[in-house]
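Asker: What follows is a single structure, and I will ask about it in a moment.
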Amino acid sequence: MFRKVLLCYDGSAEGRRALRQGADIAITMKAEAFLLAICRSLPECYVPEGVTPYFLNERESRARALLDDGVAWLRDRGVSAEGALVEGDAIPQIAQTASRIGADLIVVGHRARGPLARWWSSSDEESLLEQVSCSVLAAVADDS
């Protein structure tokens, strides 16, 4: 039985699929949902010349809006939901959040070799599965 479901959401097709599947699980299990949006941090040495603080603030504002929309979407479906926007590498952030909130299940979107492949391995190639102590569901997007 799942009581707390961590949904990793970025607004992509795979992220929306994970959100829908995670919502279905939360509804069926009468579980709470926690929606996590992650902005990859840009170290100052990697920020291209000409990128202004306005651009970085807009990036965070868009991520916050996606997160707020996702939480509202869950609540509209009767799911008890809250969310957080964090900055950093996806895998450590997901693992830390899962531990902090006591997640029983993590739902992530995945497409082979796609932008969400980051959920499965970090820069040191340790997988998400090796860093968490709960179940993980990969919502796999179809080709249509």
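Asker: Mind checking which helices (runs of 4 or more DSSP H) fall wholly inside segment 31-133 and carry at least 3 residues that are at pLDDT 70 or above, among the polar types (S, T, N, Q) and under 14 Å from the mean Cα position of the chain (by Cα)?
Answerer: Once the helices (runs of 4 or more DSSP H) in segment 31-133 are filtered for at least 3 residues that are at pLDDT 70 or above, among the polar types (S, T, N, Q) and under 14 Å from the mean Cα position of the chain (by Cα), what remains is 90-101.
Asker: Now for a different question. State all residues of segment 63-78 that are more than 12 Å from L19 (Cβ to Cβ) and in contact (Cβ under 8 Å) with a residue 24 or more places away in the chain; if no residue qualifies, say none.
Answerer: Passing the criteria: A63, R64, G78.
The values are calculated or read from the model by the stated rules, or taken from the named source; none is laboratory data. Predicted model only: the values in this text are computed from it and were never measured. When we count neighbours, we look across all protein chains shown, and the Cβ atoms used for this are built from the backbone with ideal geometry, even at glycine.
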